[in-house]
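Where a number appears in this text, it was derived from the coordinates with a stated rule and is not lab data. Being a predicted model, the structure only gives us computed values, none of them experimental. Neighbour counts are summed over all protein chains in view; Cβ atoms, including those assigned to glycine, are modelled from backbone coordinates with ideal geometry.
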Amino acid sequence: MIKKRLLILGGTTEALQLHSLVTNIPNLEVITSLAGRTSQPISRSSRIGGFGGVSGLIEYLQREKIDFLIDATHPFASQMSWNAFKATKIVNIPSLQLLRSPWEQQEGDNWIEVDSNESAAQILSDLAERIFLTIGRQELATYAHLHTLWFLMRMIESPSPPLPSGHLLLARGPFSLVGEEFLLQKYNIQAVVTKNSGGSATYPKIIAARKLGLPVVMIQRPCVPEGDRVFDIQGAFDWLIKLISFNSNILSNRRQGFPS
Ligand code: NAP
């Protein structure tokens, strides 16, 4: 039987878990791709680095004879999602987006929803003086001009200047509620800035802020394409199994001379 080839666009825990789940499906070869942003990724990957925009991805999908694509990138990695959406349409292969559900505001939460880091930076001076900034290291520069504020910045790897003034913490989730409460109190934090990434690994900071009555500046998700979408790994697994069975039925019908 001819092997099918699945490309997973990774960079998330979900991509890693999906890779493990589908890797034992018979006659399926799984390739997970990473952008290469972190020097020590936890994800298993078969290739690292950008494809070269939509045209580069089209060329890759055709050259590597990819049959299915699952976009399991982070909800804020919208460029890659749009590229994948456009390229799979052109190459005409099935694609799916595996997207974490966003966090929803709950009773006791005090969220200020903004559409970008730039908008968050604009309101911070009126909100607090000591701020817990949990965003990507490449986004820190947006806050560097806020000289009157103090930032606790947490990220996986060291950022490059320009940086806001404050204290840098290098750490990788998941984080515990006890740990997050301790951190907010230890550094006398008055507000939290975060992206609405969803998922459980970094949610404890939201609960900790709620418990301590702190405002959270919540950066909303960018717009992503409206294609086939699931919100959990099981959904992605089921989608894949359905496609593989559909394809093998067509093949066996052809062999037996039935119309497909
Ligand atoms: P992005 O803005 O959507 O993508 C920028 C470019 O990076 C893409 O156009 C593509 O380059 C390359 N790229 C992104 N994901 C890739 C992948 N899985 N495999 C190969 N190339 C990839 O993405 P980003 O926000 O910079 O995020 C980069 C990676 O970090 C993503 O894979 C994402 O899952 C992960 N991540 C992002 C965040 C976040 O907050 N943005 C948080 C956690 C993890 P080409 O155009 O050259 O193909």
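How much length is gained if the chain between GLN234 and LYS65 is pulled fully straight, taking 0.36 nm per residue apart and subtracting their Cα-Cα distance, in nm to one decimal? List each step's numbers first, then the result.
Numbers: separation 169, 0.36 × 169 = 60.84 nm, distance 2.50 nm.
Answer, rounded to one decimal: 58.3 nm.
Give the Debye-formula value of log10 I(q)/I(0) at each listed q (0.15, 0.18, 0.20 Å⁻¹), with one equal scatterer per alpha carbon of region 149-248, two decimals each.
Taken in order of the listed q values, log10 I(q)/I(0) reads -0.76, -0.95, -1.09.
Considering all projection directions equally, how large on average is the shadow of the alpha-carbon convex hull of region 1-144, in square nanometres? Present the calculation step by step, with values, prior to reporting the outcome.
Working: hull surface 45.3 nm².
For the Cα atoms of region 1-144, the hull's average projected area reads 11.3 nm².
Which of the aspartates and glutamates could a cross-linker span from LYS86 if the Cα-Cα distance has to be under 15 Å and same-chain partners fewer than 8 positions apart are dropped?
Those aspartates and glutamates meeting the cut-off are GLU59, ASP71, GLU226, ASP228.
Under 5 Å between amide hydrogens, which residues at least 5 positions from ARG229 or on another chain qualify, with H placed 1.01 Å from N in the peptide plane?
GLN97
To the nearest 10 degrees, how steep is helix 53-63 against the longest Cα principal axis of the chain, on a 0 to 90 scale?
30 degrees
Taking other Cβ within 10 Å of each residue's Cβ, how do MET80, MET153 sort, fewest first? List each step's numbers first, then the result.
Working: MET80 19, MET153 22.
If I rank by nearby Cβ atoms, fewest first, I get MET80, MET153.
From Cα pairs below 8 angstrom and at least 6 apart in sequence, can you work out the relative contact order of region 129-260, rounded to a whole percent?
On the way: 169 pairs, mean separation 26.2, N = 132.
Relative contact order, region 129-260: 20 percent.
Computed FRET efficiency, Cβ-Cβ of ILE25 and CYS223, R0 22 Å: what is it to the nearest 0.05? Don't jump to the answer; show the numbers that get you there.
Values: r = 32 Å, r/R0 = 1.47.
Calculated transfer efficiency: 0.10.
So how many Å³ per residue does the convex hull of the Cα atoms of the chain work out to? Numbers along the way, then the final one.
Details: hull volume 35.3 nm³, N = 260.
Cα convex hull per residue, to the nearest whole number: 136 Å³.
Amide H neighbours of GLY166 under 5 Å, at least 5 residues apart or on other chains, H built in the peptide plane: list them.
PHE151
Remind me, relative contact order of region 1-139 in percent, using alpha carbon pairs under 8 angstrom and six or more residues apart?
On the way: 166 pairs, mean separation 30.0, N = 139.
Over region 1-139, the number comes to 22 percent.
Looking at region 1-75, what % of the alpha carbon pairs are farther apart than 19 Å? Display every interim value, and only then the final one.
Working: 888 of 2775 pairs.
That tail contains 32 percent of the Cα-Cα pairs.
Report, in degrees rounded to the nearest 10, the 0 to 90 angle that the Cα long axis of helix 177-186 makes with the longest principal axis of the chain.
Once rounded, one gets 30 degrees.
When a/c is below 1.5 the answer is rounded, else prolate if a/b is larger than b/c, else oblate, so apply that to region 202-245 with a ≥ b ≥ c taken from the square roots of the Cα gyration tensor eigenvalues. Walk me through the numbers before you get to the answer.
Working: a/c = 7.54, a/b = 2.35, b/c = 3.21.
Note, shape of region 202-245 comes out oblate.
Per the Cauchy relation, a quarter of the hull surface: what is the mean projected area of the convex hull of the alpha carbons in region 92-135, in nm²?
Details: hull surface 22.0 nm².
Computed as one quarter of the Cα hull surface, the answer is 5.5 nm².
How about LYS205: which lysines have a C-alpha closer than 22 Å to its C-alpha, ignoring those fewer than 8 places off in the same chain?
LYS186, LYS195
For helix 233-255, what angle does its Cα long axis make with the longest principal axis of the chain, in degrees from 0 to 90 and rounded to 10?
Result, in degrees: 10.
So what is the diffusion coefficient of region 79-225 in µm² per second by Stokes-Einstein at 25 °C and 0.890 mPa s, using a Kirkwood Rh over Cα pairs?
Rounded to a whole number, D works out at 150 µm²/s.
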